[in-house]
Amino acid sequence: MTKISKILIVDDDSDLRNFVRLSIDNGKRDIVEAKTALDGLHAANESSPDILLLDIGLPGHFNGFSLCEALLRDPRHHKLRVVVISGHGEAEDIEQAKRLGVVAYVVKPFSPATLVDLIDGLEAHFNEMLTIVP
């Protein structure tokens with residue numbers, strides 16, 4: 001029996017969350033959504049996702065990078081693979097993501113096929129950081 005991946009999508013844009021969900025939902029993935037970093041923290045602690053798809057530009061003082069750092073420092077999430085999905089493709093953001101242990105950095109806009117290929121690769125234990133730009 002194939003393991004069902006648990007994926008958490010954290011983005012304040014409901015349309016993007018829906019787009020991502022529809023793109024990656026193959027019936028073999030348990031997908032949870034959150035719209036803020038704080039909601040994402042609670043969702044991650046409840047669902048223990050395998051993969052986090054994370055926007056860094058979240059509202060409030062607790063942004064995507066803060067959430068990423070908090071989760072990756074928590075021993076309960078030591079196997080979590082974080083993918084940043086952002087409209088910000090600046091070198092300093094990509095470098096910060098790399099320092100935090102992000103496994104892939106996807107710059108918006110992106111194609112659904114690109115995201116599906118990335119998730120498929122991560123599910124196959126692909127452990128190399130990627131930067132995907134349009």
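What follows is calculated from the coordinates using simple rules that are stated; it is not laboratory data. Computed from a predicted structure; not experimentally measured. A quick note on method: Cβ atoms are made from the backbone with ideal geometry, for glycine too, and the neighbour counts reach across all protein chains shown.
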## Note on the structure
CD proxy, 222 nm, the chain: helix-only mean residue ellipticity via -39,500 (n - 2.57) per DSSP H run with n ≥ 4, per residue, nearest 500, stands at -12000 deg cm²/dmol
### Charge-dipole axis of the chain as Lys and Arg at +1 and Asp and Glu at -1 on Cβ define it, positive-most pick from ALA70, SER23, SER47
SER47
### Task
List the trypsin sites (Lys or Arg not before Pro) within the range 16-69 that fall in a DSSP loop (any state other than H, G, I, E or B) and whose Cβ has at most 12 other Cβ atoms within 10 Å.
LYS28
### Query
Can you list the lysines whose alpha carbon is less than 17 Å from that of LYS98, not counting same-chain residues fewer than 8 positions off?
LYS79
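What's the extension gain from LEU22 to GLU95 if we count 0.36 nm per residue and subtract their Cα-Cα distance? Spell out each step's value before the answer.
Details: separation 73, 0.36 × 73 = 26.28 nm, distance 2.93 nm.
Full extension from LEU22 to GLU95 adds 23.4 nm.
If the only charges are +1 at each Lys and Arg Cβ and -1 at each Asp and Glu Cβ, what is the size of the charge dipole of the range 1-133 around the Cα centre, to the nearest 20 debye?
Here the range 1-133 has a charge dipole of around 420 debye.
Counting each pair of different Cα atoms once, what's the Kirkwood radius of the range 1-67 in Å, rounded to one decimal?
Computed over Cα pairs of the range 1-67, the Kirkwood hydrodynamic radius comes out at 12.0 Å.
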### Message
Can you compute the FRET efficiency between HIS78 and SER111 using 1/(1 + (r/R0)^6), with r the Cβ-Cβ distance and R0 = 41 Å? Round to the nearest 0.05.
### Response
0.85
### Candidate aspartates and glutamates - alpha carbon under 13 Å from LYS35, same-chain residues fewer than 8 apart omitted
ASP11, ASP12, ASP13, ASP15, ASP55
### Message
If neighbour count is taken as other Cβ atoms inside 10 Å, put SER47, SER5 in order from fewest to most.
### Response
SER47, SER5
### Message
Let me understand the range 67-130 better: what is its radius of gyration from the alpha carbons, and its Dmax, in angstrom?
### Response
11.9, 33
